Amino acid sequence: MTVLKLLSRTKLYWGLIAIFLIGVLGSPMSSKGNNIFLSYGNLLDVLRQVSTTGLIATGMTAVIITGGIDLSVGSLMAICSVVCAMLLTVPGVTPGVVLGVPTVALVALCLGFVVTRFIFQNLAKSRAGADLLREIKLDGIRGLVTPAVVGVVLCCLSLWFLLPQIEPKFGVLGVLLVAPCVGLLFGALNGFIIVAGRLQPFIVTLAMMVTALGIARLTAGQNNAVLPVYTGSNATADFEILRSLVFGIIPMPGLFFLGAILIYGAVLRFTPFGRYVYAIGGNEEAARLSGIAAGRVKIATYAVSGLLAGIAAVLYVAQYRQGKPDAGAGLELDAIAAVVIGGTSLMGGRGSLTGTFCGVLIFGLLSNILQLHNINSNLQLVLKGMIIIGTVLVQERNARDLLAYLRLPGGQSAHKETAAAKRPSQETPSLNLGGNKK
(Lines give C-alpha, C1' and ligand atoms only; values in the text may rest on other atoms or scores of the structure.)
Protein backbone atom coordinates (compact mmCIF):
# COMPACT_ATOMS: atom_id res chain seq x y z
CA MET A 1 0.00 0.00 0.00
CA THR A 2 1.44 3.35 -1.04
CA VAL A 3 1.62 6.31 1.29
CA LEU A 4 -1.00 8.18 -0.72
CA LYS A 5 -3.46 5.28 -0.47
CA LEU A 6 -2.89 5.03 3.27
CA LEU A 7 -3.43 8.75 3.68
CA SER A 8 -6.55 8.56 1.52
CA ARG A 9 -8.09 5.82 3.66
CA THR A 10 -7.30 7.54 6.95
CA LYS A 11 -7.79 11.16 5.86
CA LEU A 12 -10.76 11.64 8.19
CA TYR A 13 -8.70 10.78 11.26
CA TRP A 14 -5.83 12.95 10.08
CA GLY A 15 -8.30 15.80 9.67
CA LEU A 16 -9.52 15.34 13.24
CA ILE A 17 -5.92 15.25 14.52
CA ALA A 18 -5.06 18.35 12.48
CA ILE A 19 -8.03 20.30 13.91
CA PHE A 20 -7.04 19.22 17.42
CA LEU A 21 -3.40 20.27 16.93
CA ILE A 22 -4.51 23.64 15.55
CA GLY A 23 -6.60 24.12 18.68
CA VAL A 24 -3.68 23.19 20.95
CA LEU A 25 -1.04 25.32 19.21
CA GLY A 26 -3.27 28.33 18.67
CA SER A 27 -5.04 28.29 22.01
CA PRO A 28 -4.97 31.39 24.20
CA MET A 29 -3.47 31.03 27.66
CA SER A 30 -5.13 31.61 31.00
CA SER A 31 -3.80 34.06 33.60
CA LYS A 32 -1.91 31.14 35.15
CA GLY A 33 -0.27 30.22 31.85
CA ASN A 34 -2.41 27.13 31.19
CA ASN A 35 -3.58 26.11 27.73
CA ILE A 36 -7.32 26.91 27.72
CA PHE A 37 -8.14 24.58 24.81
CA LEU A 38 -6.57 21.60 26.58
CA SER A 39 -8.26 22.32 29.90
CA TYR A 40 -10.51 19.52 31.11
CA GLY A 41 -13.45 21.85 31.48
CA ASN A 42 -13.18 23.10 27.90
CA LEU A 43 -12.99 19.60 26.42
CA LEU A 44 -16.00 18.57 28.52
CA ASP A 45 -17.88 21.58 27.18
CA VAL A 46 -17.07 20.50 23.61
CA LEU A 47 -18.47 17.02 24.26
CA ARG A 48 -21.54 18.46 25.96
CA GLN A 49 -22.19 20.89 23.11
CA VAL A 50 -21.81 18.34 20.32
CA SER A 51 -23.99 15.72 22.00
CA THR A 52 -27.30 17.14 20.76
CA THR A 53 -26.06 17.45 17.18
CA GLY A 54 -24.34 14.09 17.52
CA LEU A 55 -27.51 12.25 18.50
CA ILE A 56 -29.37 13.69 15.52
CA ALA A 57 -26.42 12.97 13.20
CA THR A 58 -26.40 9.36 14.43
CA GLY A 59 -29.95 8.80 13.22
CA MET A 60 -29.32 10.84 10.08
CA THR A 61 -26.41 8.59 9.07
CA ALA A 62 -28.56 5.49 8.48
CA VAL A 63 -31.17 7.59 6.65
CA ILE A 64 -28.55 9.01 4.27
CA ILE A 65 -26.96 5.58 3.74
CA THR A 66 -30.32 4.36 2.39
CA GLY A 67 -30.21 7.24 -0.08
CA GLY A 68 -32.70 9.43 1.82
CA ILE A 69 -32.58 12.66 3.78
CA ASP A 70 -34.41 13.91 6.86
CA LEU A 71 -34.94 17.67 7.03
CA SER A 72 -37.53 17.42 9.79
CA VAL A 73 -35.30 16.41 12.72
CA GLY A 74 -34.83 20.00 13.91
CA SER A 75 -38.58 20.59 14.09
CA LEU A 76 -39.14 17.16 15.68
CA MET A 77 -36.62 18.09 18.35
CA ALA A 78 -38.49 21.38 18.87
CA ILE A 79 -41.89 19.75 19.34
CA CYS A 80 -40.38 17.14 21.68
CA SER A 81 -38.71 19.90 23.74
CA VAL A 82 -42.06 21.68 24.12
CA VAL A 83 -43.78 18.46 25.19
CA CYS A 84 -40.94 17.66 27.62
CA ALA A 85 -40.97 21.13 29.22
CA MET A 86 -44.77 21.15 29.51
CA LEU A 87 -44.89 17.72 31.14
CA LEU A 88 -42.22 18.77 33.65
CA THR A 89 -43.68 22.11 34.66
CA VAL A 90 -47.46 22.12 34.13
CA PRO A 91 -49.67 19.73 36.14
CA GLY A 92 -52.93 18.27 34.89
CA VAL A 93 -54.17 17.65 31.38
CA THR A 94 -52.24 19.90 29.01
CA PRO A 95 -51.62 19.88 25.23
CA GLY A 96 -48.35 18.09 26.01
CA VAL A 97 -50.24 15.31 27.80
CA VAL A 98 -52.87 15.08 25.05
CA LEU A 99 -50.11 14.70 22.44
CA GLY A 100 -47.64 12.61 24.42
CA VAL A 101 -49.54 9.98 26.41
CA PRO A 102 -51.66 8.56 23.53
CA THR A 103 -48.52 8.53 21.40
CA VAL A 104 -46.70 6.35 23.94
CA ALA A 105 -49.68 3.98 24.07
CA LEU A 106 -49.78 3.71 20.27
CA VAL A 107 -46.01 3.21 20.00
CA ALA A 108 -46.08 0.52 22.72
CA LEU A 109 -48.92 -1.30 20.95
CA CYS A 110 -47.17 -1.23 17.56
CA LEU A 111 -43.73 -2.13 18.91
CA GLY A 112 -45.12 -5.03 20.92
CA PHE A 113 -46.89 -6.38 17.86
CA VAL A 114 -43.99 -5.88 15.42
CA VAL A 115 -41.23 -7.18 17.71
CA THR A 116 -43.19 -10.28 18.76
CA ARG A 117 -44.08 -11.12 15.17
CA PHE A 118 -40.45 -10.56 14.16
CA ILE A 119 -39.26 -13.02 16.84
CA PHE A 120 -41.75 -15.69 15.76
CA GLN A 121 -40.81 -15.15 12.12
CA ASN A 122 -37.11 -15.67 12.76
CA LEU A 123 -37.69 -18.67 15.02
CA ALA A 124 -39.73 -20.27 12.23
CA LYS A 125 -36.98 -19.53 9.72
CA SER A 126 -34.27 -21.02 11.92
CA ARG A 127 -36.29 -24.22 12.45
CA ALA A 128 -37.07 -24.55 8.76
CA GLY A 129 -33.52 -23.69 7.73
CA ALA A 130 -34.97 -21.16 5.30
CA ASP A 131 -33.21 -18.27 3.68
CA LEU A 132 -33.36 -15.20 5.94
CA LEU A 133 -34.71 -13.11 3.08
CA ARG A 134 -37.67 -15.36 2.36
CA GLU A 135 -40.91 -14.70 4.22
CA ILE A 136 -42.51 -17.59 6.11
CA LYS A 137 -46.25 -17.55 6.63
CA LEU A 138 -47.20 -17.81 10.31
CA ASP A 139 -50.38 -19.33 11.68
CA GLY A 140 -53.07 -17.15 13.25
CA ILE A 141 -51.86 -17.65 16.83
CA ARG A 142 -48.22 -16.70 16.25
CA GLY A 143 -48.82 -14.26 13.43
CA LEU A 144 -51.69 -12.24 14.85
CA VAL A 145 -53.12 -13.18 18.24
CA THR A 146 -49.95 -13.42 20.33
CA PRO A 147 -48.32 -10.25 18.88
CA ALA A 148 -51.59 -8.35 19.43
CA VAL A 149 -51.79 -9.55 23.06
CA VAL A 150 -48.18 -8.53 23.72
CA GLY A 151 -48.86 -5.11 22.18
CA VAL A 152 -51.97 -4.57 24.31
CA VAL A 153 -50.08 -5.59 27.46
CA LEU A 154 -47.25 -3.15 26.72
CA CYS A 155 -49.80 -0.44 25.97
CA CYS A 156 -51.56 -1.02 29.32
CA LEU A 157 -48.24 -1.04 31.21
CA SER A 158 -47.19 2.26 29.65
CA LEU A 159 -50.53 3.87 30.58
CA TRP A 160 -50.29 2.43 34.10
CA PHE A 161 -46.87 4.11 34.43
CA LEU A 162 -47.78 7.47 32.88
CA LEU A 163 -51.35 8.26 34.00
CA PRO A 164 -50.49 8.71 37.72
CA GLN A 165 -47.88 11.35 36.73
CA ILE A 166 -50.33 13.65 34.95
CA GLU A 167 -51.68 15.44 38.00
CA PRO A 168 -48.48 15.97 40.04
CA LYS A 169 -46.25 16.62 36.94
CA PHE A 170 -43.96 14.17 35.19
CA GLY A 171 -40.57 12.96 36.38
CA VAL A 172 -37.33 12.18 34.56
CA LEU A 173 -38.28 8.66 33.45
CA GLY A 174 -41.67 9.87 32.29
CA VAL A 175 -40.30 12.52 29.91
CA LEU A 176 -37.53 10.15 28.75
CA LEU A 177 -40.33 7.81 27.65
CA VAL A 178 -42.82 10.31 26.21
CA ALA A 179 -40.55 12.68 24.22
CA PRO A 180 -38.64 9.96 22.30
CA CYS A 181 -41.93 8.21 21.49
CA VAL A 182 -43.33 11.43 20.04
CA GLY A 183 -40.23 11.77 17.87
CA LEU A 184 -40.42 8.10 16.87
CA LEU A 185 -44.06 8.43 15.78
CA PHE A 186 -43.39 11.47 13.59
CA GLY A 187 -40.26 9.83 12.16
CA ALA A 188 -42.15 6.63 11.33
CA LEU A 189 -44.85 8.76 9.69
CA ASN A 190 -42.13 10.31 7.52
CA GLY A 191 -40.94 6.89 6.43
CA PHE A 192 -44.46 5.56 5.85
CA ILE A 193 -45.42 8.48 3.57
CA ILE A 194 -42.14 8.16 1.64
CA VAL A 195 -42.59 4.41 1.11
CA ALA A 196 -46.36 4.22 0.60
CA GLY A 197 -46.61 7.39 -1.47
CA ARG A 198 -43.36 6.74 -3.38
CA LEU A 199 -42.36 10.34 -2.81
CA GLN A 200 -38.94 11.97 -2.59
CA PRO A 201 -37.63 12.07 1.01
CA PHE A 202 -36.62 15.70 0.51
CA ILE A 203 -40.20 16.79 -0.17
CA VAL A 204 -41.80 14.68 2.57
CA THR A 205 -39.39 15.68 5.32
CA LEU A 206 -39.51 19.32 4.22
CA ALA A 207 -43.29 19.22 4.61
CA MET A 208 -42.93 17.51 7.98
CA MET A 209 -40.43 20.17 9.07
CA VAL A 210 -43.04 22.88 8.52
CA THR A 211 -45.89 20.80 9.97
CA ALA A 212 -44.01 19.85 13.13
CA LEU A 213 -42.99 23.47 13.67
CA GLY A 214 -46.65 24.49 13.52
CA ILE A 215 -47.66 21.70 15.92
CA ALA A 216 -44.89 22.77 18.31
CA ARG A 217 -46.19 26.35 18.34
CA LEU A 218 -49.79 25.22 18.81
CA THR A 219 -48.74 22.93 21.67
CA ALA A 220 -46.74 25.67 23.40
CA GLY A 221 -49.55 28.21 22.95
CA GLN A 222 -49.64 31.67 21.45
CA ASN A 223 -48.18 33.33 24.55
CA ASN A 224 -45.46 30.79 25.27
CA ALA A 225 -42.45 31.38 23.04
CA VAL A 226 -40.32 29.78 25.78
CA LEU A 227 -41.30 27.30 28.49
CA PRO A 228 -38.76 27.76 31.34
CA VAL A 229 -37.71 24.71 33.36
CA TYR A 230 -36.16 25.29 36.79
CA THR A 231 -35.24 22.08 38.56
CA GLY A 232 -36.28 22.09 42.19
CA SER A 233 -38.70 24.96 41.54
CA ASN A 234 -41.30 24.39 38.84
CA ALA A 235 -39.85 20.98 37.88
CA THR A 236 -38.63 17.94 39.79
CA ALA A 237 -35.13 18.25 41.23
CA ASP A 238 -34.25 14.82 39.82
CA PHE A 239 -34.20 16.32 36.31
CA GLU A 240 -30.84 17.89 37.22
CA ILE A 241 -29.24 14.46 36.78
CA LEU A 242 -29.31 14.96 33.01
CA ARG A 243 -26.92 17.93 33.44
CA SER A 244 -24.55 16.17 35.81
CA LEU A 245 -21.18 14.48 35.31
CA VAL A 246 -21.25 10.68 35.48
CA PHE A 247 -18.69 9.67 38.13
CA GLY A 248 -17.40 13.23 37.83
CA ILE A 249 -15.80 12.36 34.48
CA ILE A 250 -18.18 12.55 31.52
CA PRO A 251 -21.28 14.73 31.07
CA MET A 252 -24.58 12.87 30.89
CA PRO A 253 -25.43 14.19 27.37
CA GLY A 254 -22.06 12.88 26.15
CA LEU A 255 -22.88 9.48 27.63
CA PHE A 256 -26.16 9.38 25.68
CA PHE A 257 -24.31 10.35 22.48
CA LEU A 258 -21.56 7.75 22.91
CA GLY A 259 -24.11 5.08 23.80
CA ALA A 260 -26.17 5.85 20.68
CA ILE A 261 -23.07 5.74 18.46
CA LEU A 262 -21.92 2.39 19.90
CA ILE A 263 -25.32 0.68 19.86
CA TYR A 264 -26.49 1.90 16.46
CA GLY A 265 -23.01 1.38 15.04
CA ALA A 266 -23.06 -2.25 16.18
CA VAL A 267 -26.53 -2.70 14.66
CA LEU A 268 -25.42 -1.34 11.29
CA ARG A 269 -22.21 -3.36 11.26
CA PHE A 270 -23.14 -6.75 12.70
CA THR A 271 -26.86 -7.34 12.05
CA PRO A 272 -28.89 -8.22 8.93
CA PHE A 273 -30.73 -4.92 9.36
CA GLY A 274 -27.45 -3.04 8.87
CA ARG A 275 -26.63 -5.04 5.75
CA TYR A 276 -30.09 -4.28 4.38
CA VAL A 277 -29.54 -0.54 4.98
CA TYR A 278 -26.34 -0.57 2.91
CA ALA A 279 -27.91 -2.76 0.23
CA ILE A 280 -30.85 -0.39 -0.19
CA GLY A 281 -28.51 2.59 -0.48
CA GLY A 282 -26.38 0.80 -3.06
CA ASN A 283 -29.27 -0.31 -5.28
CA GLU A 284 -32.78 -0.26 -3.85
CA GLU A 285 -34.39 -2.10 -6.77
CA ALA A 286 -31.82 -4.90 -6.63
CA ALA A 287 -32.28 -5.16 -2.86
CA ARG A 288 -36.05 -5.40 -3.28
CA LEU A 289 -35.74 -8.09 -5.97
CA SER A 290 -33.41 -10.09 -3.72
CA GLY A 291 -36.17 -10.33 -1.10
CA ILE A 292 -35.30 -7.46 1.27
CA ALA A 293 -38.32 -5.63 2.68
CA ALA A 294 -36.91 -2.28 1.62
CA GLY A 295 -39.98 -0.32 2.68
CA ARG A 296 -39.90 -1.62 6.26
CA VAL A 297 -36.18 -0.97 6.58
CA LYS A 298 -36.56 2.62 5.37
CA ILE A 299 -39.47 3.26 7.75
CA ALA A 300 -37.34 1.89 10.60
CA THR A 301 -34.43 4.24 9.79
CA TYR A 302 -36.70 7.30 9.79
CA ALA A 303 -38.35 6.11 13.01
CA VAL A 304 -34.96 5.77 14.74
CA SER A 305 -33.99 9.21 13.46
CA GLY A 306 -37.10 10.68 15.10
CA LEU A 307 -36.46 8.69 18.29
CA LEU A 308 -32.96 10.11 18.65
CA ALA A 309 -34.29 13.61 17.95
CA GLY A 310 -36.68 13.10 20.89
CA ILE A 311 -33.84 12.04 23.19
CA ALA A 312 -31.83 15.07 22.03
CA ALA A 313 -34.82 17.27 22.91
CA VAL A 314 -34.87 16.04 26.52
CA LEU A 315 -31.14 16.71 26.85
CA TYR A 316 -31.65 20.15 25.30
CA VAL A 317 -34.29 21.00 27.91
CA ALA A 318 -31.97 19.81 30.69
CA GLN A 319 -29.01 21.74 29.30
CA TYR A 320 -30.69 25.06 28.51
CA ARG A 321 -33.50 24.84 31.09
CA GLN A 322 -36.20 25.58 28.54
CA GLY A 323 -38.36 24.15 25.80
CA LYS A 324 -39.33 26.24 22.80
CA PRO A 325 -40.87 25.75 19.35
CA ASP A 326 -37.72 26.86 17.51
CA ALA A 327 -35.28 24.88 19.66
CA GLY A 328 -33.89 22.87 16.74
CA ALA A 329 -33.84 25.58 14.07
CA GLY A 330 -31.04 24.83 11.61
CA LEU A 331 -29.89 21.77 13.55
CA GLU A 332 -30.72 19.44 10.66
CA LEU A 333 -28.14 21.26 8.51
CA ASP A 334 -25.44 20.87 11.17
CA ALA A 335 -26.25 17.17 11.44
CA ILE A 336 -26.13 16.65 7.67
CA ALA A 337 -22.82 18.55 7.49
CA ALA A 338 -21.33 16.39 10.25
CA VAL A 339 -22.50 13.20 8.53
CA VAL A 340 -21.08 14.24 5.15
CA ILE A 341 -17.81 15.40 6.72
CA GLY A 342 -17.64 11.92 8.26
CA GLY A 343 -17.51 10.35 4.80
CA THR A 344 -21.13 9.27 4.30
CA SER A 345 -22.16 9.69 0.66
CA LEU A 346 -25.34 11.65 -0.05
CA MET A 347 -25.92 9.21 -2.92
CA GLY A 348 -26.33 6.40 -0.40
CA GLY A 349 -24.67 3.02 0.10
CA ARG A 350 -21.50 4.30 1.78
CA GLY A 351 -20.76 5.62 5.25
CA SER A 352 -20.25 4.65 8.87
CA LEU A 353 -21.04 5.90 12.35
CA THR A 354 -17.32 5.95 13.12
CA GLY A 355 -16.97 8.58 10.44
CA THR A 356 -20.00 10.45 11.76
CA PHE A 357 -18.46 10.49 15.23
CA CYS A 358 -15.28 12.04 13.81
CA GLY A 359 -17.32 14.50 11.75
CA VAL A 360 -19.27 15.63 14.81
CA LEU A 361 -16.04 16.12 16.78
CA ILE A 362 -14.43 18.06 13.90
CA PHE A 363 -17.45 20.34 13.75
CA GLY A 364 -17.46 20.81 17.54
CA LEU A 365 -13.72 21.44 17.87
CA LEU A 366 -13.82 23.93 15.00
CA SER A 367 -16.63 25.89 16.67
CA ASN A 368 -14.77 25.84 19.97
CA ILE A 369 -11.52 27.12 18.42
CA LEU A 370 -13.32 30.00 16.72
CA GLN A 371 -15.11 30.93 19.95
CA LEU A 372 -11.89 30.85 21.99
CA HIS A 373 -10.40 33.39 19.58
CA ASN A 374 -13.52 35.60 19.78
CA ILE A 375 -14.07 35.38 16.03
CA ASN A 376 -17.10 37.34 14.85
CA SER A 377 -20.14 35.03 14.68
CA ASN A 378 -20.87 35.96 11.05
CA LEU A 379 -17.26 35.27 10.08
CA GLN A 380 -17.52 31.93 11.91
CA LEU A 381 -20.31 30.91 9.58
CA VAL A 382 -18.21 31.83 6.53
CA LEU A 383 -15.20 29.89 7.79
CA LYS A 384 -17.33 26.87 8.69
CA GLY A 385 -18.86 26.82 5.23
CA MET A 386 -15.47 26.97 3.53
CA ILE A 387 -14.06 24.21 5.75
CA ILE A 388 -17.11 22.01 5.11
CA ILE A 389 -16.66 22.37 1.35
CA GLY A 390 -12.95 21.60 1.57
CA THR A 391 -13.48 18.60 3.83
CA VAL A 392 -16.22 17.09 1.67
CA LEU A 393 -14.09 17.65 -1.45
CA VAL A 394 -11.30 15.62 0.14
CA GLN A 395 -13.79 12.95 1.27
CA GLU A 396 -15.38 12.53 -2.16
CA ARG A 397 -12.14 12.49 -4.16
CA ASN A 398 -9.10 10.30 -3.84
CA ALA A 399 -5.93 12.21 -2.93
CA ARG A 400 -4.24 11.10 -6.15
CA ASP A 401 -7.21 12.32 -8.18
CA LEU A 402 -6.88 15.74 -6.61
CA LEU A 403 -3.16 15.86 -7.39
CA ALA A 404 -3.80 14.72 -10.95
CA TYR A 405 -6.49 17.33 -11.43
CA LEU A 406 -4.09 20.02 -10.23
CA ARG A 407 -1.31 18.46 -12.36
CA LEU A 408 0.94 18.03 -9.36
CA PRO A 409 3.58 15.28 -8.92
CA GLY A 410 2.18 12.04 -7.55
CA GLY A 411 -1.14 12.28 -9.30
CA GLN A 412 -0.15 11.46 -12.89
CA SER A 413 -0.69 7.72 -12.52
CA ALA A 414 -4.21 8.24 -11.24
CA HIS A 415 -4.90 10.61 -14.11
CA LYS A 416 -3.69 8.00 -16.62
CA GLU A 417 -5.74 5.25 -14.97
CA THR A 418 -8.86 7.41 -15.13
CA ALA A 419 -8.24 8.28 -18.77
CA ALA A 420 -7.66 4.61 -19.61
CA ALA A 421 -10.88 3.62 -17.89
CA LYS A 422 -12.83 6.20 -19.89
CA ARG A 423 -11.17 5.21 -23.22
CA PRO A 424 -13.22 2.57 -25.11
CA SER A 425 -11.60 -0.82 -25.50
CA GLN A 426 -9.79 -1.40 -28.80
CA GLU A 427 -9.89 -5.18 -28.58
CA THR A 428 -13.62 -5.70 -28.01
CA PRO A 429 -16.09 -3.71 -30.12
CA SER A 430 -18.87 -2.02 -28.20
CA LEU A 431 -22.38 -3.39 -28.63
CA ASN A 432 -25.07 -0.97 -29.75
CA LEU A 433 -28.08 -2.87 -28.39
CA GLY A 434 -30.37 0.09 -28.58
CA GLY A 435 -29.82 0.57 -32.30
CA ASN A 436 -28.92 4.25 -31.87
CA LYS A 437 -26.67 5.66 -34.57
CA LYS A 438 -23.83 7.88 -33.56
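Computed quantities for the displayed model
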| item | result |
| --- | --- |
| Test result for G100, outside any helix (DSSP H, G or I), closer than 30 Å to G232 by Cβ and either of a type outside the set (V, I, T) or under 22 Å from the mean Cα position of the chain (by Cα) (or both) | no |
| Test: residue in region 95-107 that is farther than 21 Å from L185 by Cα and crowded, with 19+ Cβ neighbours inside 10 Å | no |
| Single residue of region 194-222 satisfying the filter (assigned to a loop (DSSP other than H, G, I, E, B) and not small (G, A, S)) that is most open to solvent (accessible area, probe 1.4 Å) | R198 |
| Any hit, region 345-354, residues being in contact (Cβ under 8 Å) with a residue 60 or more places away in the chain and assigned to a helix (DSSP H, G or I) | yes |
| Some residue of region 328-342 being surrounded by 24 or more Cβ atoms within 10 Å (Cβ to Cβ), within 25 Å of L268 (Cα to Cα) and touching a strand residue (DSSP E or B) at 6+ places or on another chain (Cβ under 8 Å) | no |
| Number of the exception - F239 against (1) over 23 Å from the mean Cα position of the chain (by Cα); (2) over 16 Å from L87 (Cβ atoms); (3) surrounded by 13 or more Cβ atoms within 10 Å (Cβ to Cβ); (4) among the hydrophobic types (A, V, I, L, M, F, W, C) | (2) |
| Residue under evaluation L138, criteria (1) open to solvent by less than 70 Å² (accessible area, probe 1.4 Å); (2) in a helix (DSSP H, G or I), criterion not met | (2) |
| Sole exception among (1) surrounded by fewer than 17 Cβ atoms within 10 Å (Cβ to Cβ); (2) within 30 Å of Y316 (Cβ to Cβ); (3) of a type in the set (A, V, I, L, M) for A148, by number | (2) |
| Qualifying positions in region 32-83 - buried (at least 24 other Cβ atoms within 10 Å of the Cβ) and in contact with a strand residue (DSSP E or B) (Cβ under 8 Å, 6 or more places away or on another chain) | S51, S81, V82, V83 |
| Yes/no for Y276 being more than 30 Å from L227 (Cα to Cα) and in a helix (DSSP H, G or I) | yes |
| Meets criteria (in contact with a helix residue (DSSP H, G or I) (Cβ under 9 Å, 6 or more places away or on another chain) and of a type in the set (V, I, T)) for V150 | yes |
| Some residue of region 154-173 being basic (K, R), at pLDDT 85 or above, in contact with a Leu (Cβ under 9 Å, 6 or more places away or on another chain) and closer than 20 Å to G295 by Cβ | no |
| Unique match (being open to solvent by less than 30 Å² (accessible area, probe 1.4 Å) and assigned to a loop (DSSP other than H, G, I, E, B)) among F170, F186 | F170 |
| Sole residue being closer than 24 Å to F256 by Cβ, free of Cβ contacts under 8 Å to residues at least 12 places away in the same chain and not charged (D, E, K, R), chosen from G74, G41, G33 | G41 |
| Long-range neighbours under 9 Å by Cβ, at least six apart or interchain, first residue more than 18 Å from M386 (Cβ to Cβ) within region 323-342, second charged (D, E, K, R) and open to solvent by 10 Å² or more (accessible area, probe 1.4 Å) | P325/R217; D326/R217 |
| Residue in region 270-285 that is of a type in the set (S, T, N, Q) and crowded, with 23+ Cβ neighbours inside 10 Å present | no |
| Residue within region 224-232 that is open to solvent by 40 Å² or more (accessible area, probe 1.4 Å), in a helix (DSSP H, G or I) and aliphatic (A, V, I, L, M) present | no |
| Selection count, region 242-253, where residues are open to solvent by less than 60 Å² (accessible area, probe 1.4 Å), modelled with pLDDT under 85 and of a type in the set (A, V, I, L, M, F, W, C) | 1 |
| Yes/no for V175 being over 22 Å from I280 (Cβ atoms), buried (at least 18 other Cβ atoms within 10 Å of the Cβ), among the hydrophobic types (A, V, I, L, M, F, W, C) and in contact (Cβ under 8 Å) with a residue 60 or more places away in the chain | yes |
| For V24: the one exception among (1) at pLDDT below 80; (2) over 15 Å from T354 (Cα atoms); (3) surrounded by fewer than 15 Cβ atoms within 10 Å (Cβ to Cβ) | (1) |
| Index of the failed condition, F256 passing every other in (1) farther than 23 Å from L346 by Cβ; (2) surrounded by fewer than 15 Cβ atoms within 10 Å (Cβ to Cβ); (3) under 18 Å from the mean Cα position of the chain (by Cα) | (2) |
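The values are calculated or read from the model by the stated rules, or taken from the named source; none is laboratory data. As the structure is a prediction and not an experimental result, all values here were calculated from the model. Glycine also receives a Cβ, built like all others from the backbone with ideal geometry; neighbour counts cover every protein chain displayed. Surface accessibility is based on the protein's heavy atoms, side chains included, excluding ligands, DNA and RNA. Shrake-Rupley method; radii C 1.70, N 1.55, O 1.52, S 1.80 Å.
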